[in-house]
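First the structure, then my questions, so here it is.
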Amino acid sequence: MQTIVECVPNFSEGRDAQKVEAIIQAILAGPDVYLLDKEMDADHNRSVITIVGSREGIGEAALRGIGQAAALIDLNHHQGAHPRIGATDVVPFVPISGVTLADCVQIADWVAAETWRRFHIPTYLYEAAARKPGRKNLENIRRGQFEGLRDEVRTNPERRPDYGEAALHPTAGATVVGARKFLIAYNINLNTRDVALAKAIAKKIRASSGGFPCVKAMGVELKARNLAQVSMNLTDFETTPIGEVFAAVAREAAAHGVAIVGSEIVGLVPRRALEDASVHYLKVENFHPDLIVENRLARVLEEQVSRTTRPSAASLHALAEQFVTAVAAPTPTPGGGSVSALAAALAAALGEMVSGLTLKRKSYAAHHHTLKQALDRLSQLRNCLLEHIDRDAQSYEAVLAALKLPKSTESEQAARARAMEEANKTAALVPLETAELVMEAVQLIEALRSVTLPQAASDLAVALYLAEAARRGALDNVRANLPSIQDRAWVSSILERIQALEHRSGSQAPG
């Protein structure tokens, strides 16, 4: 991946491993996303999942997790030591490589908007993505937790979400989405059950009370271990290192005759943070990062492995065969919606190819700005459309899962009806979004015909043929799902969007 973004979604489930695993599998059901770590805490009743992905794919991965969590977690029955307002409580995006914090703000804003649009879960933006100064800090947004916010949001305009109505989702609550620097979740356990002492220490060391900068802290009780804990988030370990925080907590605890049992890191931590802590305690005078053999080795290997190789014809055949075989299998998915998304992605890819080839020609220098813009946007569209291959299959599988829900009692029938309505809406919405993305790709490809190499004209023609097939196929899939939806106002809004697409496509096909 040329760009790497870390995402660390926190889910309000830390006791049911099957639910957490289902959420993880949903997150990973797409290209360019990888699991780095998962942490489950029964006392907090919370899971922290660490993933990395490309700038184009990480947001969709987070949305898959948010949707799955909404289906599995009911906050009305959730209890734990950690404050929370949502089934998916917080979703931060962190720049790692080839991206900036500003890029992550854009991703966060899009994910927040999509979370409301797709799942009707209201969202708040925090940290670097915050739109209001008071929402920069997560604790301000989470004040009162799910139960308190559920009541206050209806009457207090200051608590209204950034996206959504003044009401929480009945079971999934609200979700906080943001962009930030690398955060270290760090907890120190005390050999006492006195949670009041843990809270007093937390108050003394946290930035909001005049303590260490970039430190957020609270005291919680770990009932399962009969311990009190100082639970912290270090938002900038370069400003306030782990070692400095540990030493301060140890001093405060010792002043009350209490010792530290141990400390824990939740999720992942940069190597440098632990290096700094070691140097702090060992007082190494000549330390620099290249003294660490792994650091120097990584740098040398990165310099050596800086080029990629083009896949061979045989490997391309194998890659294509996997998908084609999956389509050919006697199963409902992947079906026409996924194939339409693939056709659209291929159309965008051909546009990218022709743009890239033309950019190499100095004789087309006058068009380079236009070509570069088209290339960048077509790349984004291609990645989105590839995501739609899986999203379309998943949306129909959700319909099948809803059909299998129990219906013995009135409450079960009502829950089943709600699940089917939401699943059918998603199954219609995904191919509609595919068609809308196709039309944007078509406009870009049409514009390329007059500013690219004439030798590549046939490639652009193929791209437009593929795009037209994708558009028609996607819209047929939308129409197939509409009769099952009871919300007629929603259906009318979808039909209006279809009509708009049909109007735009009147003269787009190649001649």
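FYI, it's all coordinate maths here, none of it is from the lab. These numbers were taken from a predicted model, which means no experiment stands behind them. Neighbour counts run over all protein chains shown; Cβ positions are idealised from the backbone, glycine included.
Can you grab the distance from the C-alpha centre of the stretch 327-386 to the C-alpha centre of the stretch 152-226, Å, no decimals?
Centre-to-centre (Cα) distance: 43 Å.
Hey, what number do you get for the chain at 222 nm if only DSSP H runs of n ≥ 4 count, each worth -39500 (n - 2.57), divided across all residues, to the nearest 500?
After summing the helix terms and dividing by residue count, I get -17500 deg cm²/dmol.
Round to the nearest 0.05 the FRET efficiency obtained for L405 and R154 when R0 = 22 Å and r is the Cβ-Cβ distance.
0.15
While we're looking at this one, here's another question. Once you have the Kirkwood Rh of the stretch 31-120 from its Cα pairs, apply Stokes-Einstein at 10 °C and 1.306 mPa s and quote D in µm²/s.
The Stokes-Einstein estimate is 112 µm²/s.
Something else about it: State whether the stretch 4-179 is rounded, prolate or oblate according to the following rule on the C-alpha gyration tensor (a ≥ b ≥ c being the square roots of its eigenvalues): a/c under 1.5 gives rounded; otherwise a/b larger than b/c gives prolate, and the remaining case gives oblate.
Oblate is the answer for the stretch 4-179, as a/c is 1.5 or above yet b/c matches or exceeds a/b.
Sticking with this one: At q = 0.13, 0.15, 0.21 Å⁻¹, what log₁₀ I(q)/I(0) does a Debye calculation on the Cα points of the stretch 184-288 give, no solvent, two decimals?
So the normalised log intensities work out to -0.44, -0.59, -1.08.
Mind listing the phi-derived Karplus ³J(HN,Hα) values for the stretch 247-255, rounded to whole Hz, using 6.51, -1.76 and 1.60 with θ = phi - 60°, and x for any glycine or proline?
The phi angles translate into 4, 5, 5, 4, 5, 5, 5, 4, 4 Hz.
Continuing with this model, one more query. Counting only residues 5 or more places away or on other chains, whose amide H sits under 5 Å from the amide H of D89 once H atoms are built in the peptide plane?
Long-range HN contacts for D89: N10, F11, S12.
Output wanted: per-residue J couplings in Hz (rounded whole) for the stretch 460-477, from phi through Karplus 6.51 cos²θ - 1.76 cosθ + 1.60, θ = phi - 60°, x for Gly and Pro.
The phi angles translate into 5, 4, 4, 4, 6, 4, 4, 4, 5, 4, 5, 4, 5, x, 5, 5, 4, 5 Hz.
Let me ask something else. Over the stretch 361-451, how many percent of alpha carbon pairs lie in each 5 Å bin up to the one with the longest distance?
3, 13, 16, 14, 11, 9, 9, 7, 6, 5, 3, 2, 1, 1, 0
Next question, about the same structure. Using DSSP to define loop residues, name the GluC sites (Glu not before Pro) in the stretch 210-287 whose beta-carbon has at most 10 other beta-carbon atoms within 10 Å.
Sparse-neighbourhood loop GluC sites (Glu not before Pro): E285.
For the pair D476 and K283, how long in nm is the line joining their label points, each one 7 Å along Cα→Cβ?
Spacing of the two 7 Å Cα→Cβ label points: 7.8 nm.
Within the stretch 1-37, which residues have the backbone N less than 15 Å from the label spot 7 Å out from K223 along Cα→beta-carbon, could you tell me?
Residues 14-15 fall inside that zone.
Whose amide H sits under 5 Å from the amide H of A129, counting only residues 5 or more places off or on another chain, with H placed in the peptide plane?
A179
Express the relative contact order of the stretch 184-288 as a whole percentage, based on alpha carbon pairs under 8 Å and six or more residues apart in sequence.
Dividing the mean separation by the residue count of the stretch 184-288 yields 33 percent.
Hey, rough spin-label estimate for E502 and H77, points 7 angstrom out along Cα→Cβ, what's it come to in nanometres?
Taking the simple label geometry, E502 and H77 are separated by 4.5 nm.
What distance in nm lies between label points placed 7 Å from Cα along the C-beta direction at N191 and W110?
About 5.2 nm, to one decimal.
Between F323 and R416, what length comes free when the chain is fully extended (0.36 nm per residue of separation minus the Cα-Cα distance, one decimal in nm)?
Roughly 30.3 nm would be gained on extension.
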